[in-house]
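*Asks:* I am attaching a structure below and will ask some questions about it afterwards.
The values are calculated or read from the model by the stated rules, or taken from the named source; none is laboratory data. In this text, all values refer to a predicted model and were calculated from it rather than measured experimentally. Neighbour counts run over all protein chains shown; Cβ positions are idealised from the backbone, glycine included. When the accessible area is computed, the model is the full protein with side chains, heavy atoms only, and any ligands, DNA or RNA have been set aside. Shrake-Rupley method; radii C 1.70, N 1.55, O 1.52, S 1.80 Å.
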Amino acid sequence: MSLLEIKNLTVEFQTASGPFRAVDGVSLKVDEGEVLAIVGESGSGKSVSMLAAMGLLPWTAKVTADVLTFNGRDMQAMSDSDRRKIIGKDIAMIFQEPIASLNPCFTVGFQIEEVLRIHTDLGRKARRDRAIELFQSVGIPNPEERLGHFPHQMSGGQCQRVMIATALACNPKLLIADEPTTALDVTIQKQILDLLMKLQDEHGMGLIIITHDMGVVAETADRVIVQYKGRQIEQADVLSLFSEPKSVYTKALLAALPENATGGRLPTITEKLTDAEIFAGAVR
Amino acid sequence: MLRFIFGRLAVLIPTFIGVSLIAFSFIRLLPGDPVMLMSGERVMSPERHTELMHQLGLDRPMYVQYFDYLGGLVTGDFGSSIVTKRPVLDDFLQLFPATLELALCAIIVAVLLGIPAGVLAAVKRGTWLDQSIMGVALIGYSMPIFWWGLLLIIFFSGYLGWTPVSGRISLMYFFPQVTGFMLIDSLISGQAGAFKSAVTYLILPTIVLATIPLAVIARQTRSAMLEVLGEDYVRTARAKGLSPFRVIGVHALRNAMIPVITTIGLQVGVLLAGAILTETIFSWPGIGKWMVDSVFKRDYAVVQGGLMLIAAVIMIVNLVVDLLYGWINPRIRH
């Protein structure tokens, strides 16, 4: 049984100019201990599909799926309060902008202990000890002191470590990392990725990394899903995706990587391929 | 924190001097003088006029009068009324509790109703509920206060007979003034029915005075809340599995309160200084009515002193708002 299983997920938003389909027929499976990367350009529906799976989209979004299960439980049939017992505890998520993702009005200590208060029976002292332990595990120095700091007193990298510590607070079975390194410096990116991979390995949890960075994919993922304009274009294990991409879009995407450049201007995808060609070449 | 408070207090000094200058000069720009207005319809000889002006010290050069006045202020002397000869500070302290009681009741009503209404409108954005709340708020904001007050009096006092028309408490009750707040004094007096009477006298003026701040606070809360609800940290809060009540009531509201607190502070100032219409409609014996009467009598000392004291109160309220602001928004504190 897969940890997370999604079949034919569709998300539509009502807009002034009629319904807009942000995600169209996405299917995926993640097992425990597996790292899945979802790649695609901006607007390819990567984040939206994961937010939909967690039930975090606004009510204006219409989410449908043939199957949407976590650990064998049907997420669609669940009440909101039942789903809230799972998200934040068994499924945790970290986001792209670590500083903006933390509430500026509360100390980071409050924000990490809040998860423990909601999802565990730990007392005040035990929560604090656990928070210190978590801060240590994500490499935040002087955790006791840091717990009393506000997000604006920390760097972006530190804030992302706080986000990761918060996500890991209840030992989740699945962690969804939505572009966890995009807003960070290159050196910090590497540290955060290494940390994520180390923690994933230690906890044996499933990890979904949403990214548009092929370098991140190559470094982290076991399997890869390529998305374009809300549709799934290709799904493959990481080695075969890089060595023998099957869809025309993936080929064009890889050709556009700076490290594959042969000189002159980098090729762009849209000047070579139309949407119709991309969708026709999809290999699901 | 102490540095923050002292910094704010230091700013008060030039502000205070500015207010004193404006208060001093503006009342003198009005045509007529106290002596002329005191004489009323009677004819006064120019000699007598000059003599009285001299007695009151009003024939000295303007700057001498101003520095004399300023010197008094430094020692806490706000001067005495030209008409009643009573010290301005005494009159102010006697009348201010009535204004403060009314203003506090109004702001409490405005905050207790305005914030939940604004939050509800934001959370239910675009629904009939949002539109109704905002529609009512717009009506409240646009309504002329005197007309609204009269409508309420006609309906609740005249037609239904539920509330009294004017004053602070029924004439049946009499007790010594302890705090100056009728609600508290009536409770202390222990007279049966006194507190209830004080409440019934307070209801209509409170509603009238609270209407505009209520509308302003509701609208401000809604827009602040709408902005905050789209923030990343609200998504994080939801991703933690927190209940909608906690996401909105703790994570979003705390941030949305930052601009709302400023609005509330400004409204408190408006209420304290601007209760004039409400006090006049309901014959509420507060400082608003006192000031208006003094302007008509060209009672320079009262107008100057009253303005200075009102300005002082508003500055204190602003200081409290600044402190609250620092407390609620850690980015200012640190």
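*Asks:* Over the residues of the stretch B:284-334, compute the C-alpha Rg and express it relative to 2.2 N^0.38 Å. Please report the intermediate quantities before stating the final value.
*Replies:* Values: Rg = 16.5 Å, N = 51, 2.2 N^0.38 = 9.8 Å.
That ratio works out to 1.69.
*Asks:* Would you list, by chain and number, the lysines whose Cα falls below 20 Å from the Cα of residue B:85, excluding same-chain residues fewer than 8 positions away?
*Replies:* B:289, B:297
*Asks:* Follow-up question, since we're still on this one. Nearest 5 is fine: what % of DSSP beta bridges in chain A come out antiparallel, could you say? Show your work: numbers first, answer last.
*Replies:* Values: 26 of 47 bridges.
Percent antiparallel among DSSP bridges in chain A is about 55.
*Asks:* Once you put a point 7 Å from the Cα of residue A:222 and another 7 Å from the Cα of residue A:274, both along the Cβ direction, what distance in nm separates them?
*Replies:* Reported label-point gap for residue A:222 and residue A:274 is 4.1 nm.
*Asks:* Write down the percent of antiparallel bridges among all DSSP beta bridges whose residues are both part of the protein assembly as shown, to the nearest 5.
*Replies:* 55 percent
*Asks:* What's the extension gain from residue A:110 to residue A:124 if we count 0.36 nm per residue and subtract their Cα-Cα distance?
*Replies:* Length difference between fully extended and current span is 3.9 nm.
*Asks:* Could you work out the Rg to Rh ratio of the stretch B:63-156, with Rh taken as the Kirkwood radius (inverse of the mean 1/r over all Cα pairs)?
*Replies:* When Rh is taken as the Kirkwood radius, the ratio is 1.24.
*Asks:* Given H placed 1.01 Å from N in the peptide plane, which residues other than close sequence neighbours of residue A:31 have an amide H under 5 Å from its amide H?
*Replies:* Close amide H contacts, sequence-distant or interchain: A:3.
*Asks:* Which order do you get for B:300, B:201 if you rank them by accessible area with a 1.4 Å probe, largest at the top?
*Replies:* On the way: B:300 20, B:201 40 Å².
From most accessible down to least: B:201, B:300.
*Asks:* Measure nothing but the geometry: give the 0 to 90° angle between the long axis through the Cα atoms of B:128-142 and the longest principal axis through the Cα atoms of chain B, rounded to 10°.
*Replies:* 10 degrees
*Asks:* Could you compute the net charge surrounding residue A:65? Neighbours are other residues with a C-beta less than 15 Å from the C-beta of residue A:65; K and R count +1, D and E count -1.
*Replies:* Combined, the nearby Lys, Arg, Asp and Glu give +2.
*Asks:* Among the residues of the stretch B:298-334, which ones have their accessible area go down by 50 Å² or more when all the protein chains sit together, as opposed to their chain alone (1.4 Å probe)?
*Replies:* B:330, B:331, B:334
*Asks:* For chains B and A, what's the summed buried accessible area, probe 1.4 Å, to the nearest 100 square angstrom?
*Replies:* Values: alone 18450 and 13430 Å², together 29550 Å².
Protein heavy atoms only, the B-A interface buries about 2300 Å².
*Asks:* Report the extension gain between residue A:133 and residue A:171 in nm, rounded to one decimal, defined as 0.36 nm multiplied by the number of residues separating them, less their alpha carbon distance.
*Replies:* 12.4 nm
*Asks:* If you take the square roots of the eigenvalues of the alpha-carbon gyration tensor of the stretch A:32-77 and sort them as a ≥ b ≥ c, do you get rounded (a/c under 1.5), prolate (a/b over b/c) or oblate?
*Replies:* oblate
*Asks:* My understanding is that a pair violates if its Cα-Cα distance is over 28 Å; which of A:89/A:190; B:124/B:196; A:89/A:125; A:62/A:85; A:246/B:240 do that in this structure?
*Replies:* Violating the 28 Å limit, Cα to Cα: B:124/B:196; A:246/B:240.
*Asks:* Considering only the stretch A:176-248, what is the antiparallel percent among its DSSP beta bridges, to the nearest 5?
*Replies:* Numbers: 6 of 9 bridges.
So the antiparallel bridges amount to about 65 percent of the total.
*Asks:* Can you give the convex hull volume per residue for the Cα atoms of the stretch A:130-187, as a whole number of Å³?
*Replies:* Cα convex hull per residue, to the nearest whole number: 90 Å³.
*Asks:* Another question, then. What per residue convex hull volume, in Å³, do the alpha-carbon atoms of the protein assembly as shown yield?
*Replies:* 247 Å³
*Asks:* What nm value, rounded to one decimal, do you get for the distance between residue B:131 and residue B:53 when each label is placed 7 Å out toward the C-beta?
*Replies:* Spacing of the two 7 Å Cα→Cβ label points: 6.5 nm.
*Asks:* For residue A:37, enumerate residues with amide H under 5 Å from its amide H, sequence gap 5+ or separate chain, H modeled in the peptide plane.
*Replies:* A:209, A:222, A:223, A:224, A:225
*Asks:* Quick one: angle between helix B:2-29 and the longest Cα principal axis of chain B, in degrees between 0 and 90, rounded to 10, please.
*Replies:* With rounding to tens, the tilt is 50 degrees.
*Asks:* Could you calculate the FRET efficiency of residue B:70 with residue B:44 from 1/(1 + (r/R0)^6), where r is the beta carbon distance between them and R0 is 35 Å, rounded to 0.05? Mind dumping the intermediate values first?
*Replies:* Numbers: r = 31 Å, r/R0 = 0.87.
That pair, residue B:70 with residue B:44, gives E of 0.70.
*Asks:* Looking only at the stretch B:198-227, which residues have a backbone nitrogen under 16 Å from a spot 7 Å from the Cα of residue B:175 in the C-beta direction?
*Replies:* Answer for this model: B:198-202.
*Asks:* For the stretch B:212-241, which residues drop by 10 square angstrom or more in accessible area between the chain on its own and all protein chains together (1.4 Å probe)?
*Replies:* Residues meeting the cut-off: B:232, B:233, B:235, B:236, B:238, B:239, B:240, B:241.
*Asks:* Another question, if that's okay. Assuming R0 = 60 Å, what is the FRET efficiency of residue B:151 and residue B:246, from their Cβ-Cβ distance, to the nearest 0.05?
*Replies:* 0.90
*Asks:* Further question on the same structure: Per residue, how much accessible surface does the protein assembly as shown expose to a 1.4 Å probe? Answer in Å², no decimals.
*Replies:* Working: 29550 Å² over 618 residues.
For the protein assembly as shown, the per-residue accessible area is 48 Å².
*Asks:* Averaged over peptide A:94-106, how many Cβ atoms belonging to another chain are found within 10 Å of each residue's Cβ?
*Replies:* What the average comes to for A:94-106 is 5.
*Asks:* Related question: Please give the residues from the stretch A:77-92 for which the solvent-accessible area of heavy atoms, probe 1.4 Å, is smaller by at least 30 Å² with all protein chains in place than with the chain isolated.
*Replies:* Hits at the 30 Å² cut-off: A:84.
*Asks:* Tell me, what is the Rg over Rh of chain A, with Rh the Kirkwood radius over Cα pairs?
*Replies:* Dividing the radius of gyration by the Kirkwood radius yields 0.98.
*Asks:* Show me, for the stretch A:134-141, the HN-Hα J-couplings you get by feeding each phi into the Karplus relation (A = 6.51, B = -1.76, C = 1.60, θ = phi - 60°), rounded to Hz, glycine and proline as x.
*Replies:* Going residue by residue, I get 5, 4, 4, 5, 9, x, 9, x Hz, with x marking Gly and Pro.
*Asks:* Right, next: Evaluate the stretch B:189-334: find the radius of gyration of its Cα atoms, find its Kirkwood radius, and give the ratio Rg to Rh.
*Replies:* 1.11
*Asks:* Once ligands and nucleic acids are excluded and a 1.4 Å probe is used, how much of residue B:45 is accessible, expressed in Å² to the nearest 10?
*Replies:* Probe radius 1.4 Å; accessible area of residue B:45 about 50 Å².
*Asks:* Hey, any idea what % of the stretch A:1-118's accessible area is carbon plus sulfur with a 1.4 Å probe?
*Replies:* 50 percent
*Asks:* Additional query: Of all accessible surface on chain B at a 1.4 Å probe, what whole percent is carbon and sulfur?
*Replies:* 71 percent
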